[in-house]
Amino acid sequence: MKQNYDVIIVGARIAGSTLAYELSKKGYDILLLERSTFPSDILSTHNFFNNSVGMLREMGVLDRLLATRTPTYKRAYIQFDQNIIDGSFPEVNGETDCLCIRRTYLDQILFEHASEHEKVTAIEGFRVTDVVSKNGRIEGVIGIDKAGNTSSYMAKLVIGADGRNSTIRRLVNSERLTSVPTDFASYVAYLDHYPQKNEICTEFYKINDKLLISFPTSDNLCVMGIMFPLEDIEWRETFRSNPVLGLRSLINTEFSNTDLPARMQDAHFVGPIRGLLGYDNDWYKGMGKGWALIGDAVSFKDPAVGQGMHDAIYESRILSEILNTHSSWDDNWEEMANTYQNLMESKMKTRFEMACQFTKNIPFSDQQHFINSMIASDSNLTQMFLGVYNYTFEPQDLENKIKELIARGLKNE
């Protein structure tokens, strides 16, 4: 096996495998390293809105993903206290369906898709322990394979696609530009026999200071995330000692004004309930001399907005185009880094800011209740609200439309 490559990508889940695929199409020799072995699971909402489903189709993997018999959905049911927003996501470039596929299927299929390209050398079970650097430039990685052997590999560029707790990010000492800590504890569970009314859909509830989100997913299951304030010691202790009891009790007491308790009666849990007691919504510097970051390694955001999958794919496209634009990387690190940072922020910062709003335990104001009731009662506003999640509309578009309708109503009084 050769030791030198154009690019080493550390982390071979959605961000890393997608980037390996994109760069291999442009003729680069890629070494794709993953510390796990596939199939394997990871804590994640793993949802693609229909704009992201379109990108999966363009990559040529959508049919393989759908062959897992993971259901698609078009509708969202959202309850913000007493206001209910119910509608379908706007169509995006002919795509109408959203997909929430378990990571055991998603990551393996994407990894295999990338590995099939002759320009990609892929290794599972390889844990990076250090980077090789010279004169301030990253030149390679050192790590341990699954047999316990230590190896080093060299490349013109090392990319960290290794998640929220990125080893590469730590080793290259990337600067954290923004950090907003969450106010919530989060638990994620898979449920069988969880019925939905009418057509299947994603559900999102914010009742006082408790949040619940669910998606129909693979294996005839529902993936459900439930969030409560970190400062709530009583609920934290209940979930710590018995997460099944905690989740059922919280739904029965805190969501009693919904039909969730009735629908949970016959549901049972599949696998462990996993928790995340606090996390930061953060944004790091994405590139430096000989290194770059992608996916959750460069920016992690509250899963309530469901943008992580989209951002991983989109960033891989941005980064691959930037790299392909410059024949000499060593002469252009600063320019490429600025371009990468600016393009990421211009496309994705507004959804990051949305996540930072959801991540804080702030009750809806009377004004926000009024706006939510406007959205719930107007089908066009509902479409614009849902369209923010799939990039059909920007948050500013929705805000301007609401201001216009309020001004028109005041004028007609």
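The values are calculated or read from the model by the stated rules, or taken from the named source; none is laboratory data. The shown structure was predicted, so the numbers you read here are calculated from the model rather than taken from an experiment. FYI the Cβ positions are ideal-geometry reconstructions off the backbone, even for glycines, and counts take in every protein chain you see.
The figures follow:
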| item | result |
| --- | --- |
| So R170, is it free of Cβ contacts under 8 Å to residues at least 40 places away in the same chain, farther than 26 Å from K2 by Cα and charged (D, E, K, R) | yes |
| Among residues of the range 135-163, those that are modelled with pLDDT under 95 and of a type in the set (K, R), counted | 1 |
| Boolean, E139 is of a type in the set (D, E) and in a strand (DSSP E or B) | yes |
| Residue satisfying all of: in the range 206-241; among the small types (G, A, S) and touching a helix residue (DSSP H, G or I) at 6+ places or on another chain (Cβ under 7 Å); farthest from Q368 (Cα to Cα) among these | S218 |
| Total residues in the range 291-311, condition crowded, with 24+ Cβ neighbours inside 10 Å, of a type in the set (A, V, I, L, M, F, W, C) and within 19 Å of R170 (Cα to Cα) | 6 |
| Hey, I109 among the hydrophobic types (A, V, I, L, M, F, W, C) and touching a residue at least 60 places away in the same chain (Cβ under 8 Å) or not | no |
| Condition met for R263 (part of a helix (DSSP H, G or I) and in contact (Cβ under 8 Å) with a residue 40 or more places away in the chain) | yes |
| Given (1) farther than 16 Å from F358 by Cβ; (2) of a type outside the set (A, V, I, L, M, F, W, C); (3) surrounded by fewer than 22 Cβ atoms within 10 Å (Cβ to Cβ), number of the condition K210 does not satisfy | (1) |
| Residue within the range 349-356 that is assigned by TED's automatic domain parsing to the domain that holds G295, closer than 21 Å to A312 by Cα and aromatic (F, W, Y) present | yes |
| Residue in the range 370-389 that is under 19 Å from G225 (Cα atoms) and either surrounded by 20 or more Cβ atoms within 10 Å (Cβ to Cβ) or among the hydrophobic types (A, V, I, L, M, F, W, C) (or both) present | yes |
| Residues located in the range 294-314, provided they are in a helix (DSSP H, G or I), more than 8 Å from the chain's Cα centre (by Cα) and within 17 Å of Y389 (Cα to Cα) | A304, V305, I313, Y314 |
| Conditions (1) of a type outside the set (D, E, K, R); (2) in a loop (DSSP other than H, G, I, E, B); (3) within 16 Å of L33 (Cα to Cα); number of the one not met by I168 | (2) |
| Among (1) surrounded by 15 or more Cβ atoms within 10 Å (Cβ to Cβ); (2) in the same structural domain as I226 (by TED's automatic domain parsing) - the single one G288 does not satisfy | (2) |
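To keep it simple, each residue is scored yes or no on (1) on the phi < 0 side of the Ramachandran plot; (2) in contact with a Ser or Thr (Cβ under 8 Å, 6 or more places away or on another chain); (3) of a type outside the set (S, T, Y).
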| position | (1), (2), (3) |
| --- | --- |
| Y279 | yes, yes, no |
| H310 | yes, yes, yes |
| S327 | yes, no, no |
| D330 | yes, no, yes |
| T339 | yes, no, no |
| T350 | yes, no, no |
| T359 | yes, yes, no |
| I362 | yes, no, yes |
| A376 | yes, yes, yes |
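Okay, residues lined up against (1) among the charged types (D, E, K, R); (2) more than 17 Å from R103 (Cβ to Cβ); (3) outside any loop (DSSP other than H, G, I, E, B); (4) in contact (Cβ under 8 Å) with a residue 12 or more places away in the chain:
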| position | (1), (2), (3), (4) |
| --- | --- |
| I9 | no, yes, yes, yes |
| N51 | no, yes, yes, yes |
| L56 | no, no, yes, yes |
| R64 | yes, no, yes, yes |
| T70 | no, no, no, yes |
| A76 | no, yes, yes, yes |
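Conditions tested, residue by residue: (1) touching a residue at least 60 places away in the same chain (Cβ under 8 Å); (2) among the β-branched types (V, I, T); (3) buried (at least 18 other Cβ atoms within 10 Å of the Cβ).
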| residue | (1), (2), (3) |
| --- | --- |
| T217 | yes, yes, yes |
| W235 | no, no, yes |
| V244 | no, yes, no |
| N281 | yes, no, yes |
